[in-house]
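One structure is given below, encoded as structure tokens.
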Amino acid sequence: MEWDWNFVWEIMPTLIEGLKITILATVFGAALAAAIGLVFAILRMTAPKPIARATAFVVEFIRGTPLLVQLYFIFYVLPDIGIRLPALLAGIIGLGLHYGTYAAEVYRAGIENVPRGQWEAAKATNLTGRQTWIHVILPQAIPPMIPALANYLIAMFKETPLLSAITVLELMNQAKSVANSSYRYIEPMTLVGVFFLIMSLISVVFLRWLEDRYARVEEH
Amino acid sequence: MSMRTFLTMTAGAGVLTAIVAAAPASADDSKLEELREQGFARVAIANEPPFTAVAADGKVSGAAPDVAREVFKHLGVNDIVASISEYGAMIPGLQAGRHDVITAGLFMKPERCAAVAYSEPILCDAEAFALKKGNPLKLKSYKDIADNPDAKIGAPGGGTEEKLALEAGVPRERVIVVPDGQSGLKMLQDGRIDVYSLPVLSINDLVAKANDPGVEVVAPVEGAPVYCDGAAFKKGDEALRDAFDVELAKLKKSGEFAKIIEPYGFSAAAAMSTTREKLCAAK
Amino acid sequence: MTDWPGYIGLILQGALVTLELTVLGSVLALVMAFVAGLGRVSRFLAVRALATTYIEFFRGTSIFVQLFWVYFVLPFAGVTLSPLQAGVLALGLNVGAYGAEVVRGAVKAIGREQREACIALNLSRYQSMRYVILPQALPLMLPTFCNNAIELLKGTAVVSLISLTDMTFQAQVVRAQTGSTLVPFATILVLYFLMALAISYGMRWLERRVTRGLDGVRT
Amino acid sequence: MVAPIIRIDNITKRYGPLTVLDGLSMEVLPGEKLALIGPSGSGKTTILRILMTLEAISGGHIEVDGDQLYHIPKNGSLAPADDRHLHRMREKIGMVFQHFNLFPHKCVLDNVTLAPMLTKGVARAAAEKRAMELLDMVGMADKAKSMPAQLSGGQKQRVAIARALALSPKIMLFDEVTSALDPELVEEVLNVMRKLAVETDMTMLLVTHEMGFAHDFADRILFFDRGKIVEEGKPDEIFRNPKQERTQTFLRKIIAAGHRV
């Protein structure tokens with residue numbers, strides 16, 4: 001079977017449609033992950049012990065099980081208890097929840113990496129807890145987190161094809177659908193790969209820049 | 001580390017080659033010989049009862065694989081090994097040499113006939129809808145769905161029903177591609193789609209299993225033709241297909257064919273009253 | 001009447017396939033991680049370029065896309081792999097690319113001073129790597145390797161989409177047969193979690209073994 | 001007249017725009033004990049690192065024990081040395097580092113035996129016997145099975161000395177071997193080195209800020225400043241009677257900082 005450029009141009013608009021959904025899912029999924037991650041991190045670090053433990057377990061559980069199965073669960077099982085989500089929303093929640101657990105770990109590590117002495121210095125200069133967080137801890141904790149978070153953002157972007165399994169018409173699903181009606185897999189699948197590669201290479205450059213900008217402290 | 005890296009890389013490449021070293025399938029009249037030798041034919045199925053099914057013990061059944069198993073036995077190929085696939089992935093999979101034949105109720109249509117080599121007809125069925133009790137949107141044909149801007153239809157990706165819906169003018173965003181029957185029924189029950197379309201016998205099986213009084217069946221769908229499937233071979237494997245046809249004809253004649261498919265609810269007479277030529281020409 | 005024991009058996013069969021994929025995939029990933037990771041710190045530009053291309057390519061595209069590509073497109077190049085081979089290849093190469101960065105990072109983390117000591121003691125590059133750098137780098141790699149192995153385990157679910165009868169696939173089959181969605185999916189979620197736990201306990205044990213002594217406690 | 005074991009001929013060393021060594025030449029006689037002193041950044045450590053082949057030179061030639069260090073003769077002219085040549089040359093040279101650089105994953109004994117076994121193919125039993133003698137000499141025999149992390153800085157440095165000696169080099173380089181140590185641990189390392197200076201005829205190059213030790217230890221002192229040898233001579237001449245103004249200033253500052261001369 002030969003590579004067919006005409007076919008490539010013919011399916012391009014369809015694939016671009018899919019790419020839009022892919023990007024949409026990535027953006028909202030990332031926003032949700034950033035927020036959920038914060039909740040997880042705060043619960044784990046500051047909540048009473050039983051709640052902190054339960055949170056830790058939930059985080060471990062989500063991290064230890066495949067996103068695909070979680071998506072199936074959210075999409076097909078949750079309606080049994082009356083939660084019926086549109087496919088795209090279910091996908092975004094799945095992505096957000098899954099990557100929220102990764103974000104939580106980044107937040108936690110970032111905060112714990114601020115040296116003990118900074119807390120003591122804040123106390124010694126009579127700052128309140130709130131002032132300590134806002135003026136001392138977070139400004140030091142956040143910059144090193146940024147490259148790590150961006151890394152997970154890229155990872156999440158690359159997992160969006162899983163949403164095709166719950167009927168979201170993103171890039172992969174559009175490609176499959178094209179393949180289904182034309183019986184040709186080579187062009188759609190290769191193009192999807194190329195799309196992802198291009199986006200990833202761009203984001204790798206961006207990530208390197210972020211690392212240079214924010215994470216130089218780690219290297220000595 | 002330099003030279004060593006090269007050596008390690010070579011070793012790595014060796015491992016890869018070992019994994020990759022699977023013989024590419026050849027495609028000519030020696031195909032049947034090849035199948036006889038390996039002792040089984042690889043078939044693609046969909047796990048959509050009663051066309052195709054997988055039992056709790058993993059055994060493959062359903063009308064289509066059962067017929068194929070019998071025909072292959074007569075051809076001297078003792079067994080079939082099935083892999084479950086989405087409808088849309090079947091023909092690309094066949095072309096990619098993933099399986100030797102599709103026995104899945106993949107209905108004959110002109111464009112499919114152009115892509116694969118079909119046997120003579122095996123299983124015939126009309127199309128059906130599963131919908132909410134009382135058919136609230138009054139959907140009786142694919143056209144009805146196209147005309148109602150609120151109606152969403154679920155269908156297997158790359159299946160006949162998806163095409164029928166699109167051809168009737170239902171816009172892409174209202175044709176939801178559903179991975180499998182169970183998901184389709186679930187989405188109907190959950191109200192994500194308004195109608196789920198499959199062949200009559202498949203819908204009946206699904207709805208019977210679900211035992212949900214909230215779901216009803218419209219069968220057959222108005223204006224939709226009766227379709228028949230055949231065993232689909234790769235283009236180039238026509239010799240194998242012809243041999244298959246010869247044995248299939250014998251089974252039909254002896255009545256054995258009816259014995260296999262009628263318990264599943266299919267009509268042997270329907271399959272025997274038409275031919276591949278007619279079905280592939282039909283529009 | 002639903003034949004639950006039979007269906008659970010089906011899922012357990014799938015669990016074996018998942019296990020097989022995870023183990024074989026991890027082995028390939030480990031080999032690739034070291035080959036490409038050490039390739040990236042090679043003196044030779046060609047080796048570095050090759051390793052970098054491999055790493056960026058496999059980290060750059062989705063495992064899902066790679067799998068479909070290996071399964072559906074590679075056959076046209078004359079390479080037909082069984083679903084298991086395709087799964088192992090895609091998973092191993094994908095996770096291996098991530099592992100390569102771990103190997104590189106850990107090797108680079110063993111500082112200049114250790115390398116210089118090796119030169120002063122006249123060890124060859126290979127000897128330095130084998131007896132000095134890698135033994136110290138290995139403990140640094142293990143925690144991330146553990147995460148990578150769990151990522152690989154989770155990645156195996158994706159192979160269900162190329163009709164490999166892994167755990168997720170069997171859950172789908174059971175679902176189609178029984179009409180129950182909750183039971184098969186909940187079962188495999190728990191099974192996946194248990195496997196992930198097993199990996200992280202195993203790795204922690206290994207980590208304790210290899211780091212013994214470094215903290216000043218003699219074995 | 002004995003031929004020098006090290007002959008440095010007009011070498012330069014640049015890091016980008018920064019020139020660390022500029023046309024430096026010097027010679028060292030076999031068995032000579034040489035101390036290199038001078039302010040930080042004067043290039044004295046760089047000399048040791050270049051001799052150990054840890055840094056490449058930007059220009060010039062070095063001859064060690066009759067052979068070119070960085071070059072091999074080829075068709076009558078000199079070509080850059082390959083790995084094999086460097087490997088052979090390194091057999092003649094050993095180095096002790098400021099930060100010991102022991103292998104943290106190997107016990108004291110293994111630290112000492114690793115290189116002889118790997119580079120010279122010495123059998124384990126022989127390597128261990130020799131290692132125990134050396135450890136005994138540096139007073140670390142009873143810690144042979146300890147891990148580096150369990151040792152004090154002074155103990156680590158004594159092990160590092162034994163490790164370098166295990167390869168029996170003709171030339172030993174000591175790079176500020178006491179400056180990373182707590183003051184009370186300095187003396188135990190210096191004692192080992194004094195013993196070494198007396199008991200062996202190895203050529204030794206020492207970079208140090210311990211002026212008193214340099215005075216006792218060295219046959220000759222080189223005073224470095226800004227990549228050049230400003231002054232050289234017998235310890236007594238340099239310390240009692242420095243001729244150059246820069247040497248005088250340097251020594252005055254050192255004495256003011258409380259170092260004993």
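The values are calculated or read from the model by the stated rules, or taken from the named source; none is laboratory data. In this text, all values refer to a predicted model and were calculated from it rather than measured experimentally. Cβ atoms come from the backbone with ideal geometry, glycine included; neighbour counts cover every protein chain shown.
Taking the stated definitions as given, is A:M145 modelled with pLDDT of 90 or more, part of a helix (DSSP H, G or I) and closer than 19 Å to A:A41 by Cβ? No; evaluated as a whole, the condition is false for this residue. Evaluate the following for D:D67: is it out of contact with any His (no Cβ under 6 Å at 6 or more places or on another chain), assigned by TED's automatic domain parsing to the domain that holds D:E232, at negative phi and surrounded by fewer than 20 Cβ atoms within 10 Å (Cβ to Cβ)? So D:D67 fits the description; yes. Residues in segment B:174-203 that are crowded, with 18+ Cβ neighbours inside 10 Å, over 22 Å from the mean Cα position of the chain (by Cα) and not in a helix (DSSP H, G or I): 3 in all.
Annotation: A:T160 fulfils all but one of (1) within 30 Å of B:L185 (Cβ to Cβ); (2) modelled with pLDDT under 90; (3) away from chain B (no Cβ under 12 Å); the unmet one is (2).
None of A:N126, A:N151 is among the polar types (S, T, N, Q) and more than 30 Å from A:L24 (Cα to Cα) except A:N126.
Here is the figure for segment C:39-53: residues that are surrounded by 20 or more Cβ atoms within 10 Å (Cβ to Cβ), in a helix (DSSP H, G or I) and not basic (K, R) total 3. Taking the criterion of being within 19 Å of the chain's Cα centre (by Cα) and away from chain A (no Cβ under 13 Å), the residues of segment C:70-85 that qualify are C:P83, C:L84, C:Q85. Here is the figure for segment A:34-49: residues that are farther than 16 Å from A:I142 by Cα, in contact with a helix residue (DSSP H, G or I) (Cβ under 6 Å, 6 or more places away or on another chain) and in contact (Cβ under 8 Å) with a residue 60 or more places away in the chain total 3.
Restricted to segment D:67-152, the set of strands (runs of 3 or more DSSP E) holding at least 3 residues that are in contact with a strand residue (DSSP E or B) (Cβ under 9 Å, 6 or more places away or on another chain) and in contact (Cβ under 8 Å) with a residue 12 or more places away in the chain comprises D:93-96. Of all residues in segment D:218-231, those that are within 18 Å of the chain's Cα centre (by Cα) and part of a strand (DSSP E or B) total 6.
Only one entry of B:P136, B:P121 meets the criterion of being more than 22 Å from A:I186 (Cβ to Cβ) and over 21 Å from the mean Cα position of the chain (by Cα), and that entry is B:P136. Applying the criterion of being of a type outside the set (S, T, N, Q) and on the phi > 0 side of the Ramachandran plot to the residues of segment D:99-124, the residue that is surrounded by the most Cβ atoms within 10 Å (Cβ to Cβ) is D:F100. Within segment B:122-167, count every residue that is more than 21 Å from B:F51 (Cα to Cα), part of a loop (DSSP other than H, G, I, E, B) and not small (G, A, S). Residues in segment B:122-167 being more than 21 Å from B:F51 (Cα to Cα), part of a loop (DSSP other than H, G, I, E, B) and not small (G, A, S): 11 in total.
Taken together, the residues in segment B:103-119 that are more than 21 Å from B:L164 (Cα to Cα) and within 14 Å of chain A (Cβ to nearest Cβ) amount to 1.
Note on segment D:209-252: residues that are more than 29 Å from D:R158 (Cα to Cα), of a type in the set (D, E) and surrounded by fewer than 14 Cβ atoms within 10 Å (Cβ to Cβ) total 1. Being of a type in the set (D, E, K, R) and at pLDDT 90 or above is a property that C:R218 lacks. Taking segment B:261-283 as the range and being surrounded by fewer than 16 Cβ atoms within 10 Å (Cβ to Cβ), of a type in the set (A, V, I, L, M) and assigned to a helix (DSSP H, G or I) as the test, the residues that pass are B:A269, B:A281. Listed by first and then second residue, the pairs linking a residue in segment C:56-69 that is facing chain A (nearest Cβ under 7 Å) to a residue that is among the polar types (S, T, N, Q), with Cβ atoms under 6 Å apart and 6 or more places separating them unless they lie on different chains, are C:G60/A:S200. The residue that is nearest to D:L18 (Cα to Cα), counting only those in segment D:38-54 that are out of contact with any strand residue (DSSP E or B) (no Cβ under 7 Å at 6 or more places or on another chain) and part of a loop (DSSP other than H, G, I, E, B), is D:G41. Summed over segment D:58-98, the residues that are within 12 Å of chain C (Cβ to nearest Cβ) and closer than 30 Å to D:A180 by Cα give a count of 12.
Take the residues of segment B:61-91 that are polar (S, T, N, Q) and facing another protein chain (nearest Cβ under 9 Å): which is nearest to the chain's Cα centre (by Cα)? Restricting to residues being polar (S, T, N, Q) and facing another protein chain (nearest Cβ under 9 Å), the top hit is B:S85. Restricting attention to segment C:7-39, which residues are within 22 Å of C:L138 (Cβ to Cβ) and within 14 Å of chain A (Cβ to nearest Cβ)? Scanning segment C:7-39 gives C:T22, C:G25.
Filter segment D:162-208 down to the residues that are in a loop (DSSP other than H, G, I, E, B) and free of Cβ contacts under 8 Å to residues at least 40 places away in the same chain, then identify the one that is surrounded by the fewest Cβ atoms within 10 Å (Cβ to Cβ). Once the filter is applied, the top-ranked residue is D:D182.
Exactly one residue out of D:R252, D:R220, D:R240 is within 19 Å of D:K44 (Cα to Cα) and of a type in the set (D, E, K, R), and it is D:R220. Of all the listed residues (B:G58, B:G97), the sole one being in contact with a Leu (Cβ under 8 Å, 6 or more places away or on another chain), within 14 Å of another protein chain (Cβ to nearest Cβ) and not charged (D, E, K, R) is B:G58. The single residue among B:P156, B:P171 that is within 14 Å of chain A (Cβ to nearest Cβ) and over 12 Å from the mean Cα position of the chain (by Cα) turns out to be B:P171. Of everything in segment C:114-146 that is among the hydrophobic types (A, V, I, L, M, F, W, C) and within 7 Å of chain D (Cβ to nearest Cβ), the residue that is surrounded by the fewest Cβ atoms within 10 Å (Cβ to Cβ) is C:I119. Give segment A:109-149 a look and list any residue that's surrounded by fewer than 19 Cβ atoms within 10 Å (Cβ to Cβ) and touching a residue at least 40 places away in the same chain (Cβ under 8 Å), or say none. Across segment A:109-149, the qualifying residues are A:I111, A:P143, A:I146. Condition test on A:V58, is it in contact with a Lys or Arg (Cβ under 9 Å, 6 or more places away or on another chain) and either within 14 Å of chain C (Cβ to nearest Cβ) or of a type outside the set (G, A, S) (or both)? Taking the combined requirement at face value, the residue does not satisfy it.
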